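Read through the structure below, which is laid out as structure tokens, and then see the notes.
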Amino acid sequence: MKYFSLLVLFILVSCGNKEDILLPKSDTTVVKTVEDHSPIYIFFRTKGKDTLAEVNRKNEIISTNWIFNIDKRLPLRLVIPEVIKLQNKKREEKAHKNELAKNYYSYADTIGENLAFIPFTDVYYKLEKPNSGIVVLFTKNNKISVNNIAVKEEEFLEYLNNFSNNKPNRYVFCFDKNLSFGNYIQNKIFIEKIESKEVVVSEEFIF
């Protein structure tokens with residue numbers, strides 16, 4: 001437990017000046033180790049009644065894996081636009097581009113007591129509603145709906161499998177823009193656990 005605390009403390013203060021980032025938490029590890037990485041931090045800030053997302057990317061190196069350390073309290077409406085900017089910068093880089101370098105979100109695995117990571121390199125974010133496909137929406141109240149019908153988490157995969165298989169189904173994953181980043185990561189890990197070849201996430205819609 002002491003070692004785990006030190007790992008989390010490193011993330012919290014490695015930017016200098018003891019600035020805190022409250023990492024998302026989960027009970028499982030998707031990826032345990034990421035070598036050759038650069039840290040990017042998105043801090044939770046307040047100004048009067050407003051909440052702000054402050055980005056610190058002083059240590060980024062284009063050719064490395066990027067680890068996004070993002071405060072779990074921030075809403076997606078503030079986080080994702082900043083993530084899009086950074087993704088585009090890396091994708092558009094020509095001179096120092098490394099095709100093997102990936103992007104990861106960091107979080108704390110409270111069961112394994114270790115820092116963990118989930119990849120999102122190939123995800124393209126859209127700040128709009130989808131206009132086609134089977135819409136899977138994760139709401140700010142941490143509920144799931146499929147085409148506007150509420151579905152329990154434990155029944156989710158079975159519900160998807162009950163759709164007609166006469167032609168390939170396109171599942172579109174959407175997230176409420178006011179969903180906290182902490183809950184977003186929990187939902188991402190839930191999707192990662194789904195063992196279905198039809199559930200391939202290449203786009204995510206935030207609205």
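No value in this document is a laboratory result; all are computed from the given coordinates. Quick caveat: nothing in here was measured; it's all calculated off a predicted structure. Cβ: placed from backbone, ideal geometry, glycine included. Neighbour counts: every protein chain shown.
Tabulated data for the structure shown
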{"quantity": "Unit charges at the beta carbon, dipole of the chain: most positive-side option, Tyr104, Asn142, Phe43", "calculated": "Phe43"}
{"quantity": "The chain: angle of helix 181-193 to the longest principal axis, Cα-based, in degrees nearest 10", "calculated": "60"}
{"quantity": "Dipole of segment 70-123, positive end: most advanced residue of Ile70, Thr121, Val83 [Cβ charges, Cα centre]", "calculated": "Val83"}
{"quantity": "Linear extension gain, Glu158 paired with Phe207, 0.36 nm per residue minus alpha-carbon span", "calculated": "15.0 nm"}
{"quantity": "GNM result for the chain, Cα springs below 10 Å: residue of Asn56, Asn183, Asn148 fluctuating most strongly", "calculated": "Asn148"}
{"quantity": "Rounded tilt (10° steps) of 2-13 against the dominant C-alpha axis of the chain", "calculated": "80"}
{"quantity": "Surface/4 estimate of mean projected area, convex hull on alpha-carbon atoms of segment 125-192, nm²", "calculated": "4.9"}
{"quantity": "Three-way shape call for segment 2-121 based on the alpha-carbon gyration tensor, with the a/c threshold at 1.5", "calculated": "oblate"}
{"quantity": "Volume of the Cα convex hull of the chain, divided per residue and given in Å³", "calculated": "143"}
{"quantity": "Within the chain, longest stretch clear of exposed trypsin sites (Lys or Arg not before Pro) (DSSP loop, no more than 11 other Cβ within 10 Å)", "calculated": "95-151"}
{"quantity": "Amide H contacts under 5 Å for Phe205, placed H, 5+ residues apart", "calculated": "Lys126, Phe173, Cys174, Phe175"}
